[in-house]
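Notes for the one structure printed next.
The values are calculated or read from the model by the stated rules, or taken from the named source; none is laboratory data. For clarity, every value in this text was computed on a predicted model and none was experimentally measured. Don't worry about glycine lacking a Cβ; one is built from the backbone with ideal geometry, like all the others, and counts go over all protein chains shown. When the accessible area is computed, the model is the full protein with side chains, heavy atoms only, and any ligands, DNA or RNA have been set aside. Shrake-Rupley method; radii C 1.70, N 1.55, O 1.52, S 1.80 Å.
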Amino acid sequence: MALEIIESCVNCWACEPLCPNQAIYEAKPHFLINPDKCNECAGDFADSQCATICPIEGAILNADGEALNPPGSLTGIPPEKFAELQAAQQAARHGA
Amino acid sequence: MELPVINNTASEATKSGCSASSCGSTNDQMGHLPEHIREKVFNHPCYSEEAHHYFARMHVAVAPACNIQCHYCNRKYDCANESRPGVVSELHHPEQAVKKVLAVAATIPQMTVLGIAGPGDPLANPERTFATFRSLAEQAPDIKLCVSTNGLSLPDHIDELAKHNIDHVTITINCVDPDVGAKIYPWIFWKNKRIKGREGAAILIEQQQKGLEMLVARGILVKVNSVMIPGVNDAHLAEVSRTVKAKGAFLHNVMPLISEAEHGTFYGMTGQRGPTHDELQKLQDECSGDMNMMRHCRQCRADAVGLLGEDRGSEFTMDKIEAMDINYPEAMKMRAEVHAAIAEELESKRVAKEAKVQLVSIEGIKAKPETRPVLMAIATKGGGVINEHFGHASEFLIYEASSAGVRFIGHRKTVAYCEGGDTCGDGESALDKSLKVLAGCEVVLCSKIGFEPWGPLEAAGIQPNGEHAMEAIEDAILAVYEEMRVAGRLEAKLDEQQKAA
Ligand code: SF4
Ligand code: SF4
């Protein structure tokens, strides 16, 4: 059982020092978790430390591929609104 | 430690017999501070409007992690409110940061202050932050160090902070009431748990207040920053101001919320607006009865380098710095000479000003009738004189002239915080933007002004004036105010033109 960091990670370093198993490491383009070392903090903490401090919704997935911090759970921004913004910004980029 | 009440309202100024031009301006407020504090802030560009013109500060981005979430922040982008670059901006390792600071200090001798403000919370990255401070305190003892924090882990780091050259700490305190805090902070990371809502806000507030008290007890200067969020904490900030003053903070800086949907923040996405210039000024005035208010904060970017509004960051990219050969002990001698020359100039200006103050107060006794206050905008490159072309100004200094004298109100930028790129709307022309930021002003003083903006400015009730080029700002304002008085323009509240605008 291990967690995974995906591309929405912004490389903020918050999770890295918290991992009790030194499973998290700096990598390009974003931080990664060594699945052999991660035990989801079992025995050390009730909550997975990386997912508990990570500020980015959707950046950390559990073994089933589900976001531990789903859209809206950290920022309070309704997910539809966020999708709208992203679509608008994408359109602007392509238009430019 | 007791703080004297620093008051810059007109009535107080009159009571103390001071009706002079400098009354209530920041450097005059400094005059009321105890000597040991004044010494510390006098050449600090963030705390003294005067010093702003002569000294520079820089920030290095060494602290990426954060331990709380604010509704005005999106970790992905640069944060306009807490003056920090986003995590995607250039992040330095402590050794790189130290190299950069030494290179800048050796090139720009006016650089006297180094701050760490982000991109996350410096005290949520204690190893990186203190490694940077430690080696700077050793190698460059002539640079003052300062740090900005949200306060959550401040009490844990007081001893370490006291060890270095750190005499200024800025705490961002947006509230002292957890119910208000619940509307600003969705969560905090505390003792290995994510704590949401009111409970998290209550812990944050308690830690901030405790940290403030501990710093003051150690004799470390504390400035408090607050972000003014209309409908959320605007009515509450006067209480914040009183509370932090009672605990010994020496300066309170209320900044307007900057909030756009494109920032992708909770406030931006939910349509929370920022305050108008007028609302901000009203609140600053309200708090100033209790507290020394800061009015010249430009909310500069945390990774900016340079004097005033300028940014010379591009001269100091990492590859350029690697190529530089810095002999800091040598540079320190040159810096000391430059600093001494500036100190001399500041001192002679102060003496000249004092002499003038006495003159004006004698004149003031000849009791001019009460006249209404007028806001004026100044285009300047610095140095305390009117020396910027209207069209080139990227910001205006706003002053208020009244029968009590001239006081500095704040800065208004004409350029948006986002510097181009796909998140910036460009529907407005530069002139439209300038007209908007000058709202409420009746005069704009600049060294020169072109034909094109003249008409639109007048139509908006703002009189362009290029007749006082190279004159001292306060003298020019007084002269224009006097002209307006003689012309009988200071009795009516607002003339017709303005109502229409
Ligand atoms: S879940 Fe725990 S063990 Fe796994 S990477 Fe995150 S912090 Fe480390
Ligand atoms: S806390 Fe989240 S965003 Fe930050 S480095 Fe870790 S995974 Fe990436």
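Within the stretch B:241-279, the residues that satisfy the criterion of being buried (at least 22 other Cβ atoms within 10 Å of the Cβ), away from chain A (no Cβ under 14 Å) and part of a helix (DSSP H, G or I) are B:Ser241, B:Val244. Take B:Arg198 and decide whether it is under 30 Å from A:Phe45 (Cα atoms), open to solvent by 40 Å² or more (accessible area, probe 1.4 Å), free of Cβ contacts under 8 Å to residues at least 24 places away in the same chain and in contact with a Ser or Thr (Cβ under 6 Å, 6 or more places away or on another chain). So B:Arg198 fails the test. Residues in the stretch A:15-31 that are assigned to a loop (DSSP other than H, G, I, E, B), under 16 Å from the mean Cα position of the chain (by Cα) and away from chain B (no Cβ under 14 Å): 2 in all. Any residue in the stretch A:73-90 that is of a type in the set (Phe, Trp, Tyr) and within 15 Å of ligand 2 (Cβ to nearest atom)? The answer is no; no qualifying residue exists. Of all residues in the stretch A:66-80, those that are in a loop (DSSP other than H, G, I, E, B) and at negative phi total 10. Would you confirm whether or not the stretch A:68-80 contains a residue that is open to solvent by less than 60 Å² (accessible area, probe 1.4 Å), within 18 Å of the chain's Cα centre (by Cα) and within 14 Å of ligand 1 (Cβ to nearest atom)? Yes; the residues of the stretch A:68-80 include at least one that is open to solvent by less than 60 Å² (accessible area, probe 1.4 Å), within 18 Å of the chain's Cα centre (by Cα) and within 14 Å of ligand 1 (Cβ to nearest atom). Look at (1) within 21 Å of B:Asn125 (Cα to Cα); (2) open to solvent by less than 40 Å² (accessible area, probe 1.4 Å); (3) at the interface with chain B (Cβ under 10 Å from one of its Cβ atoms); (4) at pLDDT 95 or above and you find that A:Cys12 fails only one, number (4).
For B:Asp495, the conditions (1) at pLDDT 85 or above; (2) surrounded by fewer than 16 Cβ atoms within 10 Å (Cβ to Cβ) are fulfilled apart from (1).
Residue under question is B:Ala246, and the condition is that it be farther than 17 Å from B:Asn150 by Cα and out of contact with any helix residue (DSSP H, G or I) (no Cβ under 7 Å at 6 or more places or on another chain); does it hold? Here the answer is yes, as B:Ala246 does meet what is asked. Determine whether A:Ala91 is open to solvent by 60 Å² or more (accessible area, probe 1.4 Å) and within 14 Å of chain B (Cβ to nearest Cβ). It is true that A:Ala91 is open to solvent by 60 Å² or more (accessible area, probe 1.4 Å) and within 14 Å of chain B (Cβ to nearest Cβ).
Of all residues in the stretch B:434-471, those satisfying the criterion of being of a type in the set (Val, Ile, Thr) and more than 14 Å from B:Gly391 (Cα to Cα) are B:Val443, B:Ile462.
Condition first: in contact (Cβ under 8 Å) with a residue 60 or more places away in the chain, in a loop (DSSP other than H, G, I, E, B), in contact with a helix residue (DSSP H, G or I) (Cβ under 8 Å, 6 or more places away or on another chain) and of a type outside the set (Ser, Thr, Tyr). Now tell me which residues in the stretch B:178-192 satisfy that. Hits for the stretch B:178-192 are B:Ile184, B:Pro186. Confirm whether A:Asn34 is surrounded by 13 or more Cβ atoms within 10 Å (Cβ to Cβ), at pLDDT 95 or above and more than 10 Å from chain B (Cβ to nearest Cβ). Yes; evaluated as a whole, the condition is true for this residue.
Taken as a whole, the stretch A:11-31 holds at least one residue that is within 20 Å of B:Cys73 (Cα to Cα) and within 9 Å of ligand 1 (Cβ to nearest atom). Taking the conditions (1) more than 10 Å from ligand 2 (Cβ to nearest atom); (2) under 25 Å from B:Trp187 (Cα atoms); (3) out of contact with any strand residue (DSSP E or B) (no Cβ under 7 Å at 6 or more places or on another chain) in turn, A:Pro35 satisfies each one other than (2). For B:Val351, the requirement of being at pLDDT below 85 and assigned to a helix (DSSP H, G or I) is met. Scanning the stretch B:97-129 for residues that are assigned to a helix (DSSP H, G or I), within 14 Å of another protein chain (Cβ to nearest Cβ) and not small (Gly, Ala, Ser) yields a count of 6.
When each of A:Ile53, A:Ile6 is tested for being within 9 Å of ligand 2 (Cβ to nearest atom) and within 9 Å of the chain's Cα centre (by Cα), the lone residue that passes is A:Ile6. Number of residues in the stretch B:295-325 that are modelled with pLDDT of 60 or more and assigned to a loop (DSSP other than H, G, I, E, B): the value is 6. Please indicate, with yes or no, whether at least one residue in the stretch B:185-193 is β-branched (Val, Ile, Thr) and crowded, with 23+ Cβ neighbours inside 10 Å. Checking the stretch B:185-193: at least one residue is β-branched (Val, Ile, Thr) and crowded, with 23+ Cβ neighbours inside 10 Å.
Quick one: would you say B:Gly219 is modelled with pLDDT of 85 or more, under 20 Å from B:Ile166 (Cβ atoms) and either in contact with a helix residue (DSSP H, G or I) (Cβ under 9 Å, 6 or more places away or on another chain) or more than 14 Å from chain A (Cβ to nearest Cβ) (or both)? So B:Gly219 fits the description; yes.
The number of residues in the stretch A:37-55 being within 18 Å of B:Ala65 (Cβ to Cβ), open to solvent by 20 Å² or more (accessible area, probe 1.4 Å) and within 8 Å of ligand 1 (Cβ to nearest atom) comes to 2.
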